[in-house]
Amino acid sequence: MFDRLPPLQTLRAFEAAGRLLSMTRAAEELNVTHGAVSRHVKALETHLGVALFRRLTRRIVLTGAGSDFLPVVARSLAELAREAERLRNLDGAARLTISTSVSFASKWLAPRLHRLMDRVPDYDVHLDVTDINVDLADGRVDAALRYGSGHYPGAMAERILDETVTPVCSPGYGSGWSSPADLAGCTLLHEDRMPANWDRWFAMAGPDKPGKRGPAFSHGSLAIEAALRGEGVALGRSVLVAEDLAAGRLVAPFPALRLEAGRGYDLVYRPGSQDHPKLRAVRAWLADEIRLFPVGTTA
């Protein structure tokens, strides 16, 4: 019977593509090419003798067979992952895994991780970087640091940092600006899906005419990097730009004009695990790091 099972890589590709309804996003999650995901899915369809997706012009949708097969594959892969993790941790569960987003990892968490490792020498610390909210219930991740409203279904959350946004740019990009109206001739850098966006900031600040429309980036850290390169003005998220501002790599021309982001950073974990030694260690480390955080984290 087992010799008729589809190859594991085809099942992983199908599960990711079916869950995300995107070959491109599945490839990003699996760290492979779009072509590899497409080939694995096609191989699975050939193996099974049925179509699992309908390929439309700009998207894919599951067929009836695909919709039926997806939850079975997802459950099976999750069970395999849980059991593999249990076997890996038979030596005393010494692994401490923290999940967080790409931007927060690169601009805030990763540079501080060495101090957590110094505090918990008995733990093997792992950083899982993804913009997808991981399933904390399966036990693979001990804690997550997430950017959001503070509400995460099926999980507990503690707010650690609130956030505001304000324009930031490289020191050489602009000077002598006296009011937000001076941004009219500037290239504005955008972050996709950010509620605290340029339209809302200009509505608060008051000028009638915004600047020139610039590129939009999927991650706040990418917009900040573009500002650092002198490519325009980014609406900088206070937590992500604090250290660049403190070091003089970025400047905030209108520091008093801060727009509440409506989101913040939360420590997220499984219900009932709040007093686990791993959570206590992470919580204490975060408290110390936040105390050391540069003055003006609200940008």
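The values are calculated or read from the model by the stated rules, or taken from the named source; none is laboratory data. None of the values given here were measured: they were computed from a predicted structure. Because the Cβ atoms are built from the backbone with ideal geometry, glycine has one as well, and the counts that use them run over all protein chains shown.
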Within the stretch 16-62, the residues that are among the acidic types (D, E) and either under 16 Å from A74 (Cβ atoms) or within 19 Å of the chain's Cα centre (by Cα) (or both) are E28, E29
For the stretch 275-299, which positions are at pLDDT below 95 and touching a strand residue (DSSP E or B) at 6+ places or on another chain (Cβ under 6 Å)? K278, L279, T298, A299
Can you spot a residue in the stretch 162-172 that is in the same structural domain as R283 (by TED's automatic domain parsing) and assigned to a helix (DSSP H, G or I)? no
Which one of the conditions (1) assigned to a loop (DSSP other than H, G, I, E, B); (2) surrounded by 12 or more Cβ atoms within 10 Å (Cβ to Cβ); (3) not basic (K, R) does A144 fail to meet, given that it meets all the rest? (1)
Would you check which residues across the stretch 40-63 are free of Cβ contacts under 8 Å to residues at least 12 places away in the same chain and surrounded by 15 or more Cβ atoms within 10 Å (Cβ to Cβ) and list them? K42, E45
Please verify whether the stretch 37-53 includes one or more residues that are out of contact with any strand residue (DSSP E or B) (no Cβ under 8 Å at 6 or more places or on another chain), under 22 Å from D128 (Cα atoms) and assigned to a helix (DSSP H, G or I). yes
Picked from the stretch 76-118 (must be in a loop (DSSP other than H, G, I, E, B), farther than 30 Å from F217 by Cα and not hydrophobic (A, V, I, L, M, F, W, C)), the residue modelled with the highest pLDDT is N89
Which ones in the stretch 10-39 are within 18 Å of P71 (Cα to Cα) and either in contact with a Leu (Cβ under 9 Å, 6 or more places away or on another chain) or not assigned by TED's automatic domain parsing to the domain that holds A78 (or both)? T10, L11, R12, A13, F14, E15, A16, A17, G18, R19, L21, A26
Got a sec? Which strands (runs of 3 or more DSSP E) wholly within the stretch 212-299 have at least 1 residues that are surrounded by fewer than 18 Cβ atoms within 10 Å (Cβ to Cβ)? 212-217, 259-269
Against the condition hydrophobic (A, V, I, L, M, F, W, C) and surrounded by fewer than 16 Cβ atoms within 10 Å (Cβ to Cβ), how does M117 come out, does it pass? yes
